[in-house]
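Notes for the one structure printed next.
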There are 2 protein chains.
Amino acid sequence: MELNDMIMVSVDDHVCEPPDMWEKHLPAKWKDQAPRLVNTNGADIWSYDGKVMPNVGVNAVAGRVPEEYGMEPTALDQMRPGAYNVDARVDDMNASGVLGSICFASAPGFVGQLWNITKDKDLALAVVRAYNDWHIDEWCGKHPGRFIPLSLPVMWDTQLGADEIRRCAKKGCYAVSLPDNPIALGYKSFHDSSWEPIWQVCNEENITICLHIGSGTQVNLQDMNGPAEILISSLPITLHNVATELVFSEFIRKYDNLKFALTEGGTGWVPYFMERADYTYEHHHRWTKLDLGKGRLPSDIFREHILACFIDDKVGIHNRDFIGIDNMAWEADYPHSDTTWPHTAEKFWKSIEGQGMTDEEIDKLTYQNAMKWFNYDPFKHLPREQCTVGALREKGKHVDTALVSHGRGLAPSDYAKGYATIEDIVKQMGQALTTVAIRK
Amino acid sequence: MELNDMIMVSVDDHVCEPPDMWEKHLPAKWKDQAPRLVNTNGADIWSYDGKVMPNVGVNAVAGRVPEEYGMEPTALDQMRPGAYNVDARVDDMNASGVLGSICFASAPGFVGQLWNITKDKDLALAVVRAYNDWHIDEWCGKHPGRFIPLSLPVMWDTQLGADEIRRCAKKGCYAVSLPDNPIALGYKSFHDSSWEPIWQVCNEENITICLHIGSGTQVNLQDMNGPAEILISSLPITLHNVATELVFSEFIRKYDNLKFALTEGGTGWVPYFMERADYTYEHHHRWTKLDLGKGRLPSDIFREHILACFIDDKVGIHNRDFIGIDNMAWEADYPHSDTTWPHTAEKFWKSIEGQGMTDEEIDKLTYQNAMKWFNYDPFKHLPREQCTVGALREKGKHVDTALVSHGRGLAPSDYAKGYATIEDIVKQMGQALTTVAIRK
């Protein structure tokens, strides 16, 4: 296989919600209370339920020169239109050779956490539904075969939550975004029986639950004055936590078809995780009396239920036989700062270089696992030969992917310590980083 | 090489302090205030400074039948004498073929945290010094060549702390135990300049700083009602946190000879860690302005300064070329429940099976890295041919290693949920698990 022959489906990207999204989807009764994008002193700010979200597109920096990555866009015109306009997004996908994409929410948080805390629960439900309708029908619906829809959850009432997942499934949405640690958002832990209605409907309707980094588990940090890289580097491994909770949990063994994606968690740590979990179980179950059933080990449960998602992960690919090639899927993370766009295909290609990958293995990582885990079939809508990196790039060759500068890069002397600290970037990102805290 | 030809030095074991340890080492003035072991209702309890430590040997379960591992020994007579008696310890080391050992403290915590919070700082200093004298002169001194001494730190005053490290170095002690996250114990973060005296003396005196799991960074958990395995499985990866703090820190680049051991952290996650840290740095340093100097990547800094220590880690060994064979060292964790004793040599041998290890690589993992990183030379005291697994086992063949039962195993029905939860084991372990907390 050559680079241009690959078919690439990203299981993790982001959409910055466009201002007009509420008009068609929120019932008339609630229109006055819809989230509203207002421009104040050059910044576009979402305002809703007495709260403001300081950044319209937190970390939506794709296409900028790297010297300016830390400077958050505060208005739509500071981003690539692909961040919020679906036609431009498809152009950017074409230009980088990406066929399909799962797009996580921005303004409300990855799991709609900001709307879930609305006091008027009728309004909250209307807002979540309107969001899901917009996301499924408009954002994903306009270009059939190009997106894997992902619904936001209702978490304050898991029976209502199950109903909403079923409603979205009827519209062809087979993924839902849940927090990787619900107690961080004030909900019960996944071990609590209140989540059963959600597990049941996901099991029945063949829904994969996406657990995105930063949606719950806190990053372990010593000092807000440490270099920013400590925070950035530490984010993906937070999903080690939920992986452990899942493989030892009671509920996962009750539902054969319950599936979780560890979004942006990487894969390189998974072989270690499996070995440690298996060692723990084999070494201790005789006194803990835990019985995973059917002679299974924690690693078996992982392989039956969990998909590990990665941006650029040579070590994980090298260790694919420890993980299981069916449990890994590639992602692009457009338009966030960790993205490989527009060189997504080249970066992936480089990470498999010299690793003895068969074509079958490459296909699983780049699109077939995404198809299987998310009930997604782009070839119903698009002929296969039009879906390759080469064919899509041909279609997108009018797209200007040159990096642009907004003239806002900082010098070392602009930072108190000569480099960006965690404190500096938390200030820049504002409320987005709710999971960062120093613990004593 | 054959199993019996290996030389095995464990860089992580534990000592349960014997009751008579204070008599010779605490100055007369403080004798009345010495920690005291009192037997109450069949339990041996350390009492000191108005505080009691409920378990004399938390988790000192080596030699028990696995069905009883969760049941903490509460009196010395429930443990193998090797836990607290150095002659019996050497017998147990011989029986399993282990030549050398680093022994972490039990009653005061891995970093002497209980004595560091003593209000009377003169008493605290006397107690820490007496502990170090006992540990170096008696515990390690009685059998030359068999132990690598490890001092407890003075943390409330880092200048005093540096003096104590230097005093111990003069006595031949080249390791000190520090918390992997000092803020958890109420001290400043490692990024704070107050630690400089400690870094300086360790750099000058060639001291390796041991950071043991459970000495600071909290375990991420969702629910105390989850299975106990979630906590046990999640402990070692907590050192991912301090590894990140170290490789990006300013201070580590100031001292060429500053060395850290990640005790009981495992090695399987290190290749992922290095790749992620390097990706973060390469992808972001143009805007963060962090400069690691000399063209170095975070993985280079790891290899220059950090030793990863593992009990049983096939994945880590498989990936030794990603980590660096010079940065890995084996450990036995006697007498804790994760230990491989008495089958330590067999377990290690099994983990290297089929991995194409050269004799040179095996030697580095089993003893040469321990010698190098800890300034330890057993062959000054013992002829090399008496140091192999085979020779030591011959010496220790009178030792009875048969597993014993204390008749206290629990049935599933003894647990409210049919299996041990995190709450159940936290209750059993009492104050020992100070780093376990559910976070909202």
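The values are calculated or read from the model by the stated rules, or taken from the named source; none is laboratory data. Keep in mind it's a predicted model, so treat the numbers as computed, not measured. All Cβ positions, glycine included, derive from the backbone under ideal geometry; neighbour counts span all protein chains shown.
Out of the residues in region B:263-295 that are of a type in the set (S, T, N, Q) and part of a helix (DSSP H, G or I), state the one that is nearest to A:E67 (Cα to Cα). So the residue we want is B:T288.
In region B:256-304, of all residues being over 21 Å from the mean Cα position of the chain (by Cα) and among the small types (G, A, S), the one that is nearest to the other protein chains (Cβ to nearest Cβ) corresponds to B:A277. Within region A:162-181, the set of residues being closer than 17 Å to A:T118 by Cβ and surrounded by fewer than 24 Cβ atoms within 10 Å (Cβ to Cβ) comprises A:E164 only. Based on this model, can you work out whether A:E245 counts as under 15 Å from A:R303 (Cα atoms), facing chain B (nearest Cβ under 8 Å) and crowded, with 22+ Cβ neighbours inside 10 Å? Considered against the rule, which asks whether it is under 15 Å from A:R303 (Cα atoms), facing chain B (nearest Cβ under 8 Å) and crowded, with 22+ Cβ neighbours inside 10 Å, A:E245 comes out as yes. Within region A:295-314, residues that are within 11 Å of A:E331 (Cβ to Cβ) reach partners that are charged (D, E, K, R) and part of a helix (DSSP H, G or I) with beta carbons closer than 6 Å, at six or more positions or on different chains, in the pairs A:D312/A:K347. When region B:143-191 is filtered for residues that are in a loop (DSSP other than H, G, I, E, B), more than 20 Å from the chain's Cα centre (by Cα) and of a type in the set (G, A, S), the ones remaining, listed by number, are B:G186, B:S189. Taking the numbered list (1) of a type outside the set (S, T, N, Q); (2) under 16 Å from the mean Cα position of the chain (by Cα); (3) more than 7 Å from chain A (Cβ to nearest Cβ) in turn, B:I232 passes all entries but (3). Put simply, of B:R286, B:R276, B:R296 the only residue that is at pLDDT 95 or above and either of a type in the set (G, A, S) or more than 23 Å from B:Q218 (Cβ to Cβ) (or both) is B:R296. Given the structure, is A:Q355 assigned to a helix (DSSP H, G or I), among the polar types (S, T, N, Q) and out of contact with any Phe, Trp or Tyr (no Cβ under 7 Å at 6 or more places or on another chain)? In short, no. Figure legend. Inter-residue proximity from region B:391-420: first residues away from chain A (no Cβ under 13 Å), second residues part of a helix (DSSP H, G or I) and surrounded by fewer than 17 Cβ atoms within 10 Å (Cβ to Cβ), beta-carbon distance below 9 Å, spacing 6+ or different chains. Indicated pairs: B:A391/B:N4; B:A391/B:E385; B:L392/B:Q386; B:R393/B:N4; B:K395/B:Q386; B:V399/B:A88.
For B:D321, the conditions (1) within 19 Å of the chain's Cα centre (by Cα); (2) at pLDDT 95 or above; (3) of a type outside the set (S, T, N, Q) are fulfilled apart from (1). The lone criterion from (1) within 24 Å of the chain's Cα centre (by Cα); (2) within 7 Å of chain B (Cβ to nearest Cβ); (3) aliphatic (A, V, I, L, M) left unmet by A:L307 is number (2). Scanning region A:321-346 for residues that are crowded, with 17+ Cβ neighbours inside 10 Å, part of a helix (DSSP H, G or I) and not β-branched (V, I, T) yields A:F322, A:N327, A:A345. Every condition in (1) of a type outside the set (S, T, Y); (2) surrounded by fewer than 22 Cβ atoms within 10 Å (Cβ to Cβ); (3) more than 29 Å from B:W287 (Cβ to Cβ); (4) more than 12 Å from chain B (Cβ to nearest Cβ) is met by A:K364 except one, and the failing one is (2). Of all the residues in region A:40-87, those that are touching an Asp or Glu at 6+ places or on another chain (Cβ under 6 Å) and surrounded by fewer than 23 Cβ atoms within 10 Å (Cβ to Cβ) number 2. Of the strands (runs of 3 or more DSSP E) entirely within region A:3-107, those holding at least 1 residues that are without any contact (Cβ under 8 Å) to a residue 24 or more places away in the chain occupy A:36-40, A:43-48, A:51-53. For region A:205-226, the count of residues that are away from chain B (no Cβ under 12 Å), of a type in the set (D, E) and surrounded by fewer than 24 Cβ atoms within 10 Å (Cβ to Cβ) is nonzero. Here region A:56-80 is the region considered, the condition is being in contact with a Gly (Cβ under 6 Å, 6 or more places away or on another chain) and either more than 23 Å from A:D400 (Cβ to Cβ) or not hydrophobic (A, V, I, L, M, F, W, C) (or both), and the residue that is modelled with the lowest pLDDT is A:P73.
Looking only at region A:167-191, count how many residues are closer than 13 Å to A:P149 by Cα and in contact (Cβ under 8 Å) with a residue 40 or more places away in the chain. The number of residues fulfilling the criteria is 4. Taking the criterion of being aromatic (F, W, Y) and either part of a helix (DSSP H, G or I) or under 23 Å from A:A277 (Cβ atoms) (or both), the only residue of region B:219-260 that qualifies is B:F251.
Each residue in region A:368-390 was checked for being touching a residue at least 12 places away in the same chain (Cβ under 8 Å) and more than 18 Å from A:G172 (Cβ to Cβ), and 6 of them qualify. Filter region A:192-218 for residues that are in contact (Cβ under 8 Å) with a residue 12 or more places away in the chain and in a loop (DSSP other than H, G, I, E, B); which is farthest from the chain's Cα centre (by Cα)? Result: A:N206. From the list A:D359, A:D363, A:D400, the one residue that fits, being within 22 Å of the chain's Cα centre (by Cα), of a type in the set (D, E, K, R) and at pLDDT 95 or above, is A:D363.
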